[in-house]
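In what follows, a single structure is set out as structure tokens and then discussed.
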Amino acid sequence: MLSPDPVPLALFRPPIVLVVESRTATRSATSRLVRALGYEARTARDGEQALRILRQYPTLHQLVLANIVLPDMDGGQLAERIAAQRLGTRVVLVAEYAPIGKAAAVIAAHPDVPVLRKPFGFRELHDALCRLVGPPRAALPLSGRVTPSRRRQRRAIR
């Protein structure tokens, strides 16, 4: 029987991160890292595809993790267009360890957009995701108590 009180699905679902990267191998590796940390990952191969996904599902994604150099636009332009749509979706740019040229110009032009430096690992990605969208959520009873399973209860009795 369902409870008469509506429970927001966001309490049980992990935050969804949209990974925007043109290189297939990098896109899938980053998505695997995001999932391994307990978040849900979706992918887009360029800025236009990311914007279409965000327009189609305006409240679904909490964060966009975008490469600073994309084939159709740079990460700064993508961040500006996301902000113009007023979706409330945060953006993190991914840049080479020592960005030069266009990447450095994009970072300088958008000082309010966080930047994650490549190569990054679990710790750096986890810190960035937790700081911007919070920790991944787990489906726990609303009472806050976790009861042991029946199998564990039977073992404890014996």
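The values are calculated or read from the model by the stated rules, or taken from the named source; none is laboratory data. All values reported here derive from a predicted model rather than from experimental measurement. All Cβ positions, glycine included, derive from the backbone under ideal geometry; neighbour counts span all protein chains shown.
Laid out as a table, the results:
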| read-out | value |
| --- | --- |
| Output for the stretch 108-150, where each listed residue is modelled with pLDDT under 85 and assigned to a helix (DSSP H, G or I) | 150 |
| The stretch 54-74, residues that are buried (at least 21 other Cβ atoms within 10 Å of the Cβ) and without any contact (Cβ under 8 Å) to a residue 40 or more places away in the chain | 54, 74 |
| Those residues of the stretch 79-107 which are of a type in the set (A, V, I, L, M) and assigned to a helix (DSSP H, G or I), in sequence order | 79, 82, 83, 84, 103, 104, 105, 106, 107 |
| Filter pass, residue 90 being among the charged types (D, E, K, R) and either touching a Leu at 6+ places or on another chain (Cβ under 6 Å) or modelled with pLDDT of 90 or more (or both) | yes |
| Selection count where residues are buried (at least 17 other Cβ atoms within 10 Å of the Cβ) and farther than 8 Å from residue 17 by Cα, scope the stretch 33-44 | 4 |
| Unmet criterion (only one of (1) modelled with pLDDT of 90 or more; (2) touching a strand residue (DSSP E or B) at 6+ places or on another chain (Cβ under 7 Å)) for residue 97 | (1) |
| Residue list for the stretch 27-53, filter: touching a residue at least 40 places away in the same chain (Cβ under 8 Å) and assigned to a loop (DSSP other than H, G, I, E, B) | 37, 38, 39 |
